[in-house]
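Worksheet for the structure shown next.
The values are calculated or read from the model by the stated rules, or taken from the named source; none is laboratory data. Quick caveat: nothing in here was measured; it's all calculated off a predicted structure. Quick reminder, even Gly has a Cβ in these numbers, built from the backbone with ideal geometry, and neighbours come from all protein chains shown.
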Amino acid sequence: MDIILRKETPDDYGQVARVIEMAYCQKNEATLVEKLRQNPKYNANLSLVADYKGHIIGHILFFPIVIRTGESEKESLALAPLCISPEFQKMKIGGRLIQYGLRTAKNTGYTSVIVIGHPEYYSRFGFAPARKWGIVAPFEVPEDAFLGIELEEDALLNAAGIVQYPIEFSGV
């Protein structure tokens with residue numbers, strides 16, 4: 001299957017919204033992505049798609065967040081959302097997008113990523129429980145589903161604190 005992984009363009013927005021809505025069976029995540037695109041911290045290089053014959057079949061977004069410890073902050077990225085069109089699920093496209101996204105994030109200068117997701121799935125890509133570094137979510141989430149990964153060795157060393165998501169995440 002000839003799938004191209006690439007940066008999202010404005011021409012993709014409509015197709016991305018449809019894929020997100022189909023994958024999640026609701027509009028909340030698609031609305032989140034639309035709102036995040038308006039945030040000044042949005043980095044278009046970190047919004048990536050899987051393109052199959054000119055059709056968007058997958059999307060992943062990485063968005064800047066901070067981990068706050070008292071008065072200090074550690075910059076990181078949130079991976080959210082990740083979605084694959086239902087007819088293309090279970091074909092390892094999501095995994096390819098994650099790997100491509102992690103490489104892109106590192107090449108963009110980021111050193112870590114935080115995700116809320118299935119621990120069995122994300123551990124395949126090197127994610128570990130965020131509690132390993134003393135990092136906690138700002139809301140109720142199963143501890144084993146709140147994960148992080150270092151893109152550079154010791155990037156999360158001494159990063160213990162509470163993740164602060166942009167206000168746009170509060171509607172999801």
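The residue list TYR100, TYR122 contains one member that is under 22 Å from MET1 (Cα atoms) and either modelled with pLDDT of 95 or more or of a type in the set (S, T, N, Q) (or both), which is TYR100.
Listed conditions (1) at positive phi; (2) under 11 Å from the mean Cα position of the chain (by Cα) are all met by GLY109, apart from (2). Filtering the range 45-73 to residues that are at pLDDT below 95 and small (Gly, Ala, Ser) leaves GLY70, SER72.
If you go through the range 24-73 and pick out every residue that is touching a helix residue (DSSP H, G or I) at 6+ places or on another chain (Cβ under 9 Å), within 23 Å of ILE149 (Cα to Cα) and in a strand (DSSP E or B), you end up with 13. Kindly evaluate PHE146 against the criterion of being modelled with pLDDT under 95 and within 24 Å of TYR100 (Cβ to Cβ). Considered against the rule, which asks whether it is modelled with pLDDT under 95 and within 24 Å of TYR100 (Cβ to Cβ), PHE146 comes out as no.
For beta carbons closer than 6 Å, sequence separation of 6+ or different chains, a first residue in the range 1-14 that is more than 16 Å from LEU102 (Cβ to Cβ) and a second that is β-branched (Val, Ile, Thr) and assigned to a strand (DSSP E or B), the qualifying pairs are GLU8/VAL49; ASP12/VAL49; ASP12/ILE56. Just for the range 17-37: of the residues that are out of contact with any His (no Cβ under 9 Å at 6 or more places or on another chain) and within 19 Å of SER76 (Cα to Cα), which one is modelled with the lowest pLDDT? Only one residue fits best here, namely LEU32. In the set (1) free of Cβ contacts under 8 Å to residues at least 12 places away in the same chain; (2) in a loop (DSSP other than H, G, I, E, B), GLU21 fails one condition alone, (2).
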